[in-house]
Structures are given as C-alpha cells and as structure tokens.
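Below is one structure; the comments refer to it alone.
The values are calculated or read from the model by the stated rules, or taken from the named source; none is laboratory data. Quantities reported herein were computed from a predicted structural model and do not represent experimental measurements. No Cβ is skipped: glycine too gets one built from the backbone with ideal geometry, and neighbour counts run over all protein chains shown. When the accessible area is computed, the model is the full protein with side chains, heavy atoms only, and any ligands, DNA or RNA have been set aside. Shrake-Rupley method; radii C 1.70, N 1.55, O 1.52, S 1.80 Å.
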Amino acid sequence: MAPRRRSELYRLAVGLAAVAIFAATLGRLDARFDWWLIVAIAAAGILALEFPLHVSLSEKMSMAAAVFFAAALLLSPWQAAALVGLLQAVDICLAAVRKVRATREHPPVRAIAINVVFNGGQAYLSTLAAGLVLSAGGVSARGGLSGPVDALVLIAAAIAMYLGNVFVVSMAVAVATARNPVTLFHNTQRLVYVQFASLYLLGAAVAFAAVRLPWLPLLATVPAALVYHSLRQRLEMRREAMRAMERMADEVDRRDPYTFNHSQRVALYSHAIGRRLGLSAAEVDVLELAAKVHDIGKIRIPDSILLKPGKLTPTERRTMETHSRLGFDILKPFSEYAKVLDLVLTHHERYDGAGYPNGTVGRRLLLIAQIIPVADSLDAMTTARAYRGARSWAAALDELRGGAGSQWNPKVVEAAVVALRQDEPARVRQAEPQPAMA
C-alpha cells in the first residue's frame, strides 16, 4: 500500500474514532450551557486558529492551545471536547474556502473531508483526554486548586492534551513518509515545547479568572500575542541561520566557476523529479532544501583538491569523498535541517551499493533520498569542467538510462527522463528558486 494511502486511512481512522466516541457519549453532554462562556471561548479559538505560526517546513503552532486548555478547565470534558473539535473542523473548512477562492480551482472534496475529520477528531480526542484527567483528579476552574496534588493533576492534563494533539499529528506525517514517529516528534517539537508550556499556563490562568469574568478568554489573546511574538522572533532567527547556510552553500559553488549555481540547478531538477514521482508538497520542500545545501561540506575541502583541473590522486579522492559527511556534521546542530540530514549524507550513494560514504544499497534508502543523486549527476554531466566539456542534454539522459539499476534507482531515472525531457531544460533552468521556508 502506498504511504499516502496509508496516511489517508490513518487520518480517517482517527477522525471516525472521535465521531464514534462523540455519538456514543452524546447523552453525557450537560444540557446546561453557559452560552456567554462558550461564545467567548469559540470567538477566541477561531481568532487564534486563523493566525497560526509556522514552526518548520510542515509544522505550525497556534495560540489556540491556550484557549483549548482553558475550555477543558471551564467546561465538562464532553462539552469541551465537542466545542474544540468543532472549532478545529470549522477552521479547516475556512482555510479550504480561502484556498479555493485564491486558486479558483475545483475543490478537492475528498482531501478536504479527510482533513476536516482528522483535525477535528484529533482536537476532540486530545481535549477529551485532558478533560478526563482533570475530572478524575477533581480539578476544574470553578473549584480552583487546593494543593500540590491538584497542581500535578493540572500538569498531567496539559501533558495529555499536548501529547494527544502533537503526537497524533506526528504519527500521520510518519505514516506518510515512512519515518520514525518518535524521532519526527522530537525533531519538530524540541524548538517549541517551552512555548507550548507557556500557552497551557496562560490558558489555566485565564480559565480560573474566567469563572467570574466569562468574557475574559477574548482578552487572553493579548498576552497570547506576546508569547506568539516571542516565538516568532526566535523562529526568525532560525530562518536567518538557514538563509546564511544556503548562502554558504552558494559560496561553495562560486569557488569553482565551472559549478556556479550548481546547487540551485540540482534543487530545481530535484523538485521536478519529486513532483513527477508523486511526492507530497511537504516532501518536495524537504527535497529542495536538501538539494540547496547538499554540497555544503565542500566548504571544508582544500582548494588544491576542490579546484584541481586534473584527475585526483587516491588520497585526494578519499578527502573529496568526505564532503557528504562533513555537510551532515555542519547541518546537524540546526533543528530545521533535521529532515534533510540523511539526504545530504547519502547524495553520493549508488543503487548498487558502490557509492559513499557508507556503501548503502539503494533499495535500503528511502525513495526521496535517491532523487538528488540523479539530479546531481545530470547537472554534472551537462556542465563543462576544466578537464572536459559539457555533454548534450540528450546524451546525459541516455547516460542516466544506461546507469539505471546500477548507479541510480530505475524509477527515479524514469521520472527524471519524463520530467526533464529535452524540451524541459530551458523552462526548468529559468524557474525561480523556491524559498527555503514559507
């Protein structure tokens, strides 16, 4: 079964599980509603959901976490879960309407429906988990905190909501990309867990105060905005570091006039091949980012080797072959590059296992990791070097076909030949490079 199909089934299962629980427990919804409080929570939640903060290539964080935790403290577990799930589903519908209006394309009803069911379902389940922890511990905003035990229950409820929300989403991404969900969870959340803790603390404070002032959740958007601004500044610093890293990679290309803009071209070719292979938009973004910095390790290779016009000696060849691992080491401290590390490390591995640095057989590598080797080789063949001229585009594609099954993955070669056929290079080369992050 294709990873995308597995991801759809997983997300549908999460959503249907939430719907089933809601239907089975419908009788537990308290008929007594504090409408002013519910309207205030709903308004604050929608405002927060409409202004999320993008944390990485495929993850975003919303100030709604504070509002939703306040709802778990102010309402019964079943009321809070139903309200939060509904708000999340409404937000997905609004986002879909905006996208359809902007693109004027026919709405992908199936994809939208799955997103509505999944996002509403995971929000329902995470809020219900937090509410049930609070209910079991006898803690609510109306009752207040009577001691350290109640504080521990409050912390446990926050953890339940956090894990129930974020880990379920990480699992969906992991199923779609065949990655370890724990590693994915760690890589995407280690930057923002402190801010999430701040949001839950803010939500708790607002909930206790809202017992007397039901409209207070709306005012909570003010301090939430301060937390938002703090995280936004921190993320902008990370983005600046990423842009600096890409400029460093460009400088590596500029050291050799024969490879000027090499990484940018490899990124464009990889993008085209990835789309032809049916990778998701997030996967194509990761692939393109990896291609832009795939040769950054060459910044530590001496000019005497990197710019040598003749054939390298065995010793010089071994030094040159360290650049992929050097690139891995350079990028490793940056959490935003966590998803591209393996792609940078393996961009000189071969399908038959005769590549470097690890000699990994291509069949043991993810498909996405076998795209840059093809794009990299294609650009190398069609670019003049000091010791040889450039091959024609047709000759380079013939070379790829000849190496399919030995040097390169046949499926990737086939996609490259179709996506970059002879009438494509001009359009591909003229395309604007995509930004590293939204």
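The dipole here belongs to segment 282-328: it is taken about the Cα centre, uses +1 on the Cβ of Lys and Arg and -1 on the Cβ of Asp and Glu, and is about 360 debye.
With Kirkwood's inverse mean 1/r over C-alpha pairs for Rh, give me the Rg to Rh ratio of segment 90-186, two decimals please.
Details: Rg = 17.9 Å, Rh = 15.8 Å.
Using Cα coordinates only, the ratio equals 1.14.
Shown in residue order for segment 282-294 are the 3J(HN,Hα) couplings computed by the Karplus curve 6.51 cos²θ - 1.76 cosθ + 1.60 at θ = phi - 60°: 5, 5, 5, 4, 5, 4, 5, 5, 4, 5, 5, 10, 5 Hz (x for Gly and Pro).
For W408, the residues 5 or more places off, or on other chains, whose built amide H falls under 5 Å of its own are Y351. If a spin label sat at a point 7 angstrom from the Cα of A384 along the line to its beta carbon, the backbone N atoms of segment 302-343 nearer than 18 Å would be those of 308-310. Taking all protein chains as they are arranged and a probe of 1.4 Å, the heavy atoms of T183 leave approximately 70 Å² accessible to solvent.
Ranking G389, A416, G405 by how far each Cα lies toward the positive end of the dipole of segment 275-427 (charges on Cβ) leaves G389 at the top. Peptides 68-76, 116-124 ranked from most to least packed by the mean count of surrounding Cβ atoms within 10 Å: 68-76, 116-124. Modelled this way, with points 7 Å down the Cα-to-C-beta line, the labels at L307 and A43 are 6.6 nm from one another. For K311, a cut-off of 20 angstrom between C-alpha atoms picks up these lysines, skipping any fewer than 8 places away in its own chain: K298.
When the dipole is taken about the Cα centre of segment 58-139, and only Lys, Arg (+1) and Asp, Glu (-1) are charged at their Cβ, what size is it in debye, to the nearest 20?
Details: 6 positive and 3 negative charges, 69 e Å.
I would put it at about 340 debye.
Overall, the accessible surface of segment 103-174 at a probe of 1.4 angstrom is composed of carbon and sulfur to the extent of 69 percent.
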